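J.: Got a structure for you, written out below as structure tokens; questions coming shortly.
A short reminder: the numbers here are calculations on the coordinates, not readings from a lab. Computed from a predicted model, the values in this text were never measured in an experiment. Cβ: placed from backbone, ideal geometry, glycine included. Neighbour counts: every protein chain shown.
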Amino acid sequence: MDTLFLARADQLAYLGEYSHPREAFITIECLNFHVEARAQLYSILMNLFYDEARELEVFVDAYEDDGPGVWQLCDDLVMRLADLDEDDIQALAEQLPEYDLLSQAELTEEDVSDFLFPLVTLARNSLDEPGLKLYVLTR
């Protein structure tokens, strides 16, 4: 399962010392929001084609050749997420399960809401402290 977390770039070097990022960072689990489902979400939020939205998580590092990868969410996406208010999140939660990749992931309105509220909070927190970025650890 993928994990979103807040960190400064210099803290990424310590990520391998922990069995899970939650031991050192503020995290949220991506639940059924695999990379394709997240890209679908990003494409809707940013009004981009799906292939363009896939590029909003930028590769940073891999731990071992076949190990987990770390990807940074681009700043424009983080700012867009941070701008969402409760009504926006609720509207997305109602709308998103109808999209192909999200329905294939069997995401319900409640799943979407349970993912978006903490994601928006992380995005806002990342903007509050200089150098703090939003990353995803893929396994």
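J.: Find the relative contact order for the stretch 3-138 and round it to a whole percent, using C-alpha pairs within less than 8 Å whose residues are 6+ positions apart.
T.: It comes to 34 percent, rounded to a whole number.
J.: As an exercise, use a Förster radius of 35 Å and the Cβ-Cβ distance of Gln104 and Glu129 to find the FRET efficiency, rounded to the nearest 0.05.
T.: On the way: r = 36 Å, r/R0 = 1.03.
It comes to 0.45.
J.: What's the center-to-center distance, using Cα atoms, between the stretch 85-104 and the stretch 1-67 in Å?
T.: Cα centres, the stretch 85-104 to the stretch 1-67: 20 Å.
J.: If you don't mind, another one. Name the most mobile residue of Glu29, Glu17, Glu57, meaning the one with the largest mean-square fluctuation, in a Gaussian network model of the chain with Cα contacts below 10 Å.
T.: Largest GNM mean-square fluctuation: Glu17.
J.: Considering amide H positions built from the backbone, and no H for Pro or chain starts, which residues 5 or more places from Val58, or on another chain, come under 5 Å of its amide H?
T.: Gln72, Leu73, Cys74
J.: Next question, about the same structure. Might you report the magnitude of the Cβ-based charge dipole of the chain about its Cα centre, with Lys and Arg at +1 and Asp and Glu at -1, to the nearest 20 debye?
T.: Approximately 400 debye in magnitude.
J.: Ranked by Cβ crowding within 10 angstrom, fewest neighbours first, how are Ser19, Ser126 ordered?
T.: Going from least to most buried by this count: Ser19, Ser126.
J.: Calculate one ³J(HN,Hα) per residue across the stretch 22-36 by plugging θ = phi - 60° into the Karplus curve 6.51 cos²θ - 1.76 cosθ + 1.60, and present them in order as whole Hz with x for glycine and proline.
T.: Per-residue couplings from phi come out as 5, 6, 10, 10, 6, 9, 9, 7, 7, 6, 8, 7, 5, 4, 5 Hz.
J.: Then there is this: Per-residue HN-Hα couplings for the stretch 9-15, Karplus 6.51 cos²θ - 1.76 cosθ + 1.60 at θ = phi - 60°, whole Hz, x for Gly and Pro?
T.: Values per residue, Gly and Pro as x: 4, 5, 7, 4, 4, 8, 4 Hz.
J.: Oh, and also: Based on alpha-carbon atoms only, what is the radius of gyration of the stretch 6-76 relative to the globular estimate 2.2 N^0.38 Å?
T.: 1.20
J.: Taking the Cα atoms only, what angle lies between the long axis of helix 109-128 and the longest principal axis of the chain, rounded to 10 degrees?
T.: With rounding to tens, the tilt is 50 degrees.
J.: Which entry in (i) 21.0; (ii) 8.0; (iii) 14.0 is this structure's computed mean projected area of the Cα convex hull in nm²?
T.: Evaluating mean projected area of the Cα convex hull in nm² on these atoms matches (ii).
J.: So for each of 101-108, 49-56, 33-40 I average, over its residues, the number of other beta carbons within 10 Å; can you give me the resulting order with the highest mean first?
T.: Packing order, densest peptide first, comes out as 33-40, 101-108, 49-56.
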